[in-house]
Amino acid sequence: MYNEEFDKYYNENMIQGGTTCCPGCGGPLFWKLALKVFGPNTIVYGDGPCAMCALRSIKVPYYGIHFSFVADGATGISAALRAKGREDVTLISSAGDGATSDISLGKISAAAERNENFLQICIDNEAYMNTGIQKSGLTPYGAWTTTTPTGKESNKKDVPMIIAAHKVPYVATASVAYPQDLARKLEKAKSIKGFKFLHTVIPCPTGWRFDPAKAVEVTRLGVDTWVNPLYEIEEGVLKVNRKTEAKPVQEYLKAQGRFRRLTEDQLAYIQSEVDKKRDDLLGNDGKQIIH
Amino acid sequence: MSQIVRSFAPKVDQEKCIACGMCQLYCPESTVKLTDEKKVIFDYRYCKGCGVCANECPVGAIKMVKEGEQ
Amino acid sequence: MSFTRMMEGNEAAAWGAKLARAEVVPAYPITPQTELISTIATLIADGTMKTEYIKVEGEHTAMAAAVGASAGGARVFTASSSQGIAFMDEPLWIPPGRRLPIVMCMVNRSMAPLGGLRPDHNDSMHQRDKGWVLLYCENSQEVLDTILQAYKIAENPEIYLPVAVCYDGYFVSATATPTTVPDQAKVDEWLPPYKHEWYDLMPDSYKMPPPKSFIQQRMGLAEAHEKSKKVIKDVDTDYKKIFGRGYGGLIEEYNCDGAEAVLVTMDSMTGTARDVIDEMRAEGKKIGLIKLKCFRPFPREEFQKIAPKYKAIGVVDRNNSFGSAGGGIVAMELSRALYELPDKPLITNFHVGLSGTDVTMNQIRYMADETLEAAKTGIVKHVIDWVEAHDLGEVM
């Protein structure tokens, strides 16, 4: 009955409804919100995270190579845009967490060092979900995955800080649960020339083990418990965006089946790590942290 | 065109709805829309029945019902 | 303005890329390619070359960036050797699979651990299955000319294949010989700007190739290789007409009139072989030389046509294929090419110059003599003859 209206809506949104992503996946939600900011004069270069299922549905030009080439293809496309006098085109480079923190970390580091002119986005669902939930460098401590069935023993890499250390113009964390903050950050990134990095933890009901209906709610809890804090680093100056009181991490962790086996000690450890990070961020808020 | 298989589908009570737009904002698949006439509509061709819209509605105007009963 | 001066192979290659108006060069240094990219950097810095040289952090990235740039509409050039070519092995599948007309130089160097910095041909020949066109060059002039021809071949809409211009490290890359650099305006007239007919990433004119099954794409790629044989020859003929220099395209027959046996050589050793063959001819020996320029696509039809003239063909393999059906890579290709002929010449096969050792005149003479003897006796003594294992006296 409303087919025509929705078809028009999908074209306006620049993303087709009904991606092949799992129900409740944060990937298509992110791209729906993001493309509104980027607009039609955009090229997206992306690799193969789970959320790439969403990229197959976008209605702006998309080019991909496999995930061992994060940022590389975008580097080439960026040079081609300059050669063709088309620097008006917004270039977005997208990668999952496995690509960003593991197999292509060096590529992103090098692109940051060269100050390549594009926005590099990490769509972080906290494991190699596409291949059936295996641990990555961005899987949080204690999380169940098929390769860490008793819970991951190592910590999650702090990729935004790693990239910030390259002295790039802009690094930010964002969340689909706070769409206005996300849109503002994407808008800012779009206006800056040089290398920008955006890290966003998106919900994965399949891999994190929770009811898809709670996707946005769980993501919101991740921010409100300060497990995934929202901040920006612009020209090396830190700005903490959400400075609310921290809810206990227990609320966030209990909502997901992948943390079901955490012991009291592990919970306490996670809480203390989150507290330390929170104190660190708030203590440095407004300061030049990258020199 | 491939078929979307759903166990549950969203159904809105237009009386309860306050037209805040949260359902449209948070639907991952863009299959919920608040029309210009402030009506909430669903694209059942592509809706996966994930339930985010129902969960995010601040007044509980959207309920997930068994597929076929929407 | 055209000019001529002494130039090393690497410098000539840089000038080739300059004349071709390469727009994007993503490259990473590796001996013996380094002077190629540092010359490009110099030519850009002094305003001679209008190119963006992306100083990538590794060869894996270099080829991926090349793919992005080529799909994005820019004419791309890059170069590597040995370990670097191996490091870019994963992305090297992409340009032929996606029909992106990238041109690169493979400055041949032997592979670790059984090699050092000097050349043999395993690094480039290892890429023979992917769909790259592989062309080999004997000297600096041929490198420059072949790069220009390579773009013409690659960007032909019937072809759309990436091309690797291969030449020996040190013996070509760092050996200076007189090289003529043609006039830029003349090259511009001969080589128009790059515009891929299948790809456009610009949002206002977005175009991607129509979806095809993998089998259709593979067969299309194979068909392009078959078609490219004629294109390679035609481009060379045309180039010779305009610029005065040609190399035969696929193969060159040198001093073969009335020969009973021929040697088949590739790359730098061909220069040495020409002198040895001339000497032996003067002594009355009926030996000729075939220079194999195009290794991929393998010139099956050319060899089938000329092979019946000879009683024996001596194939010089500056490569190994351990555990092979018999001998070196070129010998196996040639054997297959000639298999159906009712009247086949014998094939003698030699390994020489492996791990970058010099190929001497004595060694070439030895291989020619062995092949002449096989032609006379009808007996091939070895499946593969490791020439370096014999003591053939002093270097020259």
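Looking at segment C:150-171, can you tell me whether even one residue there is farther than 30 Å from C:MET111 by Cα, of a type in the set (Asp, Glu), surrounded by 18 or more Cβ atoms within 10 Å (Cβ to Cβ) and touching a Pro at 6+ places or on another chain (Cβ under 9 Å)?
Taking every residue of segment C:150-171 in turn, at least one turns out to be farther than 30 Å from C:MET111 by Cα, of a type in the set (Asp, Glu), surrounded by 18 or more Cβ atoms within 10 Å (Cβ to Cβ) and touching a Pro at 6+ places or on another chain (Cβ under 9 Å).
State which residue is nearest to the other protein chains (Cβ to nearest Cβ) when the search covers only segment A:99-138 and only residues that are out of contact with any helix residue (DSSP H, G or I) (no Cβ under 7 Å at 6 or more places or on another chain) and not in a helix (DSSP H, G or I).
Among residues in segment A:99-138 that are out of contact with any helix residue (DSSP H, G or I) (no Cβ under 7 Å at 6 or more places or on another chain) and not in a helix (DSSP H, G or I), the one nearest to the other protein chains (Cβ to nearest Cβ) is A:ARG114.
Here is a check on your reading of the model: is A:GLU187 part of a helix (DSSP H, G or I) and more than 14 Å from every other protein chain (Cβ to nearest Cβ)?
Taking the combined requirement at face value, the residue satisfies it.
Looking at segment B:46-63 only, could you name the residues that are in a loop (DSSP other than H, G, I, E, B), facing another protein chain (nearest Cβ under 7 Å) and not aromatic (Phe, Trp, Tyr)?
Hits for segment B:46-63 are B:LYS48, B:GLY49, B:CYS50, B:GLY51.
Please give the strands (runs of 3 or more DSSP E) falling wholly within segment C:278-350 in which 3 or more residues are within 20 Å of C:SER228 (Cα to Cα).
Here the list reads C:294-296.
Report those helices (runs of 4 or more DSSP H) wholly inside segment A:1-60 carrying at least 3 residues which are at the interface with chain B (Cβ under 9 Å from one of its Cβ atoms) and either crowded, with 24+ Cβ neighbours inside 10 Å or within 19 Å of the chain's Cα centre (by Cα) (or both).
Ranges flagged: A:26-38.
So is C:ILE30 outside any loop (DSSP other than H, G, I, E, B), under 17 Å from C:ALA13 (Cα atoms) and touching a helix residue (DSSP H, G or I) at 6+ places or on another chain (Cβ under 7 Å) or not?
It is false that C:ILE30 is outside any loop (DSSP other than H, G, I, E, B), under 17 Å from C:ALA13 (Cα atoms) and touching a helix residue (DSSP H, G or I) at 6+ places or on another chain (Cβ under 7 Å).
Would you call A:ARG209 away from every other protein chain (no Cβ under 14 Å), surrounded by fewer than 17 Cβ atoms within 10 Å (Cβ to Cβ), at pLDDT below 95 and farther than 27 Å from A:LYS36 by Cβ?
no
Could you grab me the full set of residues in segment A:254-291 that are touching a residue at least 60 places away in the same chain (Cβ under 8 Å) and either over 21 Å from A:GLU153 (Cβ atoms) or outside any loop (DSSP other than H, G, I, E, B) (or both)?
Within segment A:254-291, A:GLY257, A:ARG258, A:PHE259, A:GLN266, A:TYR269, A:ILE270, A:GLU273, A:ILE289, A:ILE290 qualify.
Filter segment C:31-55 down to the residues that are surrounded by fewer than 23 Cβ atoms within 10 Å (Cβ to Cβ) and touching a residue at least 60 places away in the same chain (Cβ under 8 Å), then identify the one that is nearest to the other protein chains (Cβ to nearest Cβ).
The residue in question is C:THR31.
Which of the residues that make up segment C:66-81 are touching a residue at least 40 places away in the same chain (Cβ under 8 Å) and either aliphatic (A, V, I, L, M) or farther than 22 Å from C:GLN184 by Cα (or both)?
C:ALA66, C:ALA69, C:SER70, C:ALA71, C:GLY72, C:ALA74, C:VAL76, C:ALA79, C:SER80, C:SER81
Residue-wise test of (1) free of Cβ contacts under 8 Å to residues at least 60 places away in the same chain; (2) within 17 Å of C:PRO95 (Cα to Cα).
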| site | (1), (2) |
| --- | --- |
| C:THR180 | no, no |
| C:PHE214 | yes, yes |
| C:LYS227 | no, no |
| C:GLY249 | yes, no |
| C:ASN255 | yes, no |
| C:VAL262 | no, no |
| C:ASP278 | yes, no |
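The values are calculated or read from the model by the stated rules, or taken from the named source; none is laboratory data. Since the structure is predicted, the reported quantities are computational estimates derived from the model, not experimental observations. Counting neighbours? That spans all protein chains shown, and the Cβs are built from the backbone with ideal geometry, glycine included.
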